1. Over the chain, with a Gaussian network built from C-alpha contacts below 10 Å, which listed residue (L246, L361, L285) shows the highest mean-square fluctuation?
2. Looking only at R96, R277, R255, which one moves most when the chain is put into a Gaussian network model with springs between Cα atoms under 10 Å?
3. List every residue whose amide H lies under 5 Å from the amide H of F280, counting only residues 5 or more places away in sequence or on a different chain, with H placed 1.01 Å from N in the peptide plane.
4. Could you report the chain's accessible area per residue, 1.4 Å probe, as an integer in Å²?
5. Just to be sure I understand: of the beta bridges DSSP finds with both ends in the chain, what percent are antiparallel, rounded to 5?
6. Quick one: dipole size for region 21-79, taken about the Cα centre, charges +1 on Lys/Arg Cβ and -1 on Asp/Glu Cβ, in debye to the nearest 20.
7. Per residue of region 264-277, in order, report the coupling 6.51 cos²θ - 1.76 cosθ + 1.60 (Karplus, θ = phi - 60°) as ³J(HN,Hα) in whole Hz, putting x for Gly and Pro.
8. Can you compute 3J(HN,Hα) from phi for each residue in region 148-161, using the Karplus curve 6.51 cos²θ - 1.76 cosθ + 1.60 with θ = phi - 60°, rounded to whole Hz and x for Gly and Pro?
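The values are calculated or read from the model by the stated rules, or taken from the named source; none is laboratory data. Note that the structure is predicted; figures quoted are calculated from it, not measured. In this analysis, Cβ positions are derived from the backbone assuming ideal geometry, glycine residues included, and neighbour counts consider all displayed protein chains. We work out accessible area using only protein heavy atoms, side chains counted, and drop any ligands, DNA or RNA first. Shrake-Rupley method; radii C 1.70, N 1.55, O 1.52, S 1.80 Å.
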Amino acid sequence: MGGGGHAAAFAPPARSSSNVTDLVGLTRDQLAARLAELGLEGFRTGQVWQWLYHRGATSFDAMTNLAKPVRRMLADCFQIGRLTVSREQISADGTRKWLLRTDDGQEIETVFIPDEDRGTLCISSQVGCTLTCRFCHTGTQKLVRNLSAAEIVGQVLLARDRLGEWPASTQNRRITNIVLMGMGEPLYNYDNVALALRIVLDAEGIAVSRRRITLSTSGVVPMMAQCGEELGVNLAVSLHAVTDDLRNQLIPLNRKYPLDALLTACRLYPGVNNARRITFEYVMLRDVNDSVADARALVTLLRGIPAKINLIPFNPWPGAPFERSTDRTIVKFADIVNAAGYASPVRTPRGEDIMAACGQLKSASLRVRHALKEATATTTADAA
Ligand code: SF4
C-alpha cells in the first residue's frame, strides 16, 4: 500500500524547525551531523549516544563527561524527547501496560510481560492500524498515523525509565526481548521501524540483539525480504487461517497477498533455518478455525518451512464477533500440530484484566478530520 500519497497522509508530524530538534530517533550519522554543526568533534557523537541509549539521560545536564559549556550549548539547540505516560496499569500477573501520549496528542499502548526467564516488551508502530483484522481490537481503530522512529524507540526508553533499567547492562536486564506486536502493521511503516530498530540494535546503546527482536506482520509480502535482509530480526506471521476463503474474512489483506504468496515469502525469508524458525501466530476462534481438519491442514500448509506455531486463545474485547475456543479444543489442536513435529506452545493470555493481552490494544485516538466533523456536527445540532 505504501505509495507516496498514502505514506505522506499518514506520516508522523515533521520535526518542525520551530521546535528544537529531538536527538532521540536520529541515526548516528544524523546525530554526528547535528553536533558537527555546533563545531563538536566526532567522538562527541559516541558520548552523547551513550548518554541517550546506554544511560537513559533525559537532560543534557546529566552528561557529566561533557564540559558544562558544551552541555549548555546542547540544551539550547536540542531536546531529549520522552513519550508522556497517560496511564500505567499493572495486571495481577505482573504484566504492565502504558497508555502513552505523543507530542501531538495521539495515544498508543505499550506492554511489558515479565516471565521467569525473560521480559518481553511489546511495542506499537502505528496509531491505530492500516489493517482491519477482524479478531483484533486495534483493527477497529482507523489508522491515524505512522509512528516516527523517535516514538517507536521512545517506547523502549520509557519502559526502561519505568522499570528503572538504566544503565542498560546486558546482564540481569528485565527487558530481554522486544516484539513489534502492538498497535499497527510494522511493515506499513517500514522506514521508521527500520530506523528505530537500528538504534535498538546498536551495541553501544540499548543493545538488544536481533535474535531477541521479533517483528510480526499480517503478511505484507513485498516488504518481508527487505526486512530480513536489512534488519535480520525474527519474523512472526499472523496466519490464523488455513484457507484463503477464511483468511480473506479474518485478515482482508489476504485478498492482496493470499496464502500462496505469503508462504513463498516465508520460505524465502533471509536467514530462516531450523535454528531460526518463523513463528506463525494462530488465534483460536471457537467454531471458526479450530477444527481437527484445520489443524491437519495447518501442518500440511507449513510443510518445508522452519516454523513454530503460537496458538493464541482469543482474547475478547468489547463488541468482538468471536469467542475463544474451549480449552479441550485448543489442547486437541495443539496435540495434532505437536505430533506433526511443530513446537506449538499455547500462549498463556497475559494482562487480560487490564486489556493488555494479544489483540486487545486500542487507544482513543481518532483521525483529526473525523473528530472535527463530529465536533462541528454536534455544535450545529446544538445550535439548531
Ligand atoms: S492484528 Fe495487527 S495488523 Fe491486524 S489489525 Fe491488529 S494490529 Fe493491525
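1. Looking only at L246, L361, L285, the largest GNM fluctuation is found for L246.
2. R255
3. V237, K308, I309, N310
4. Ligands and nucleic acids excluded, the figure is 44 Å² per residue.
5. 45 percent
6. 180 debye
7. 5, 5, 5, 4, 9, 4, x, x, 6, 6, 5, 8, 9, 8
8. Coupling constants for region 148-161: 7, 4, 4, 6, 6, 5, x, 5, 5, 4, 5, 5, 5, 4 Hz.
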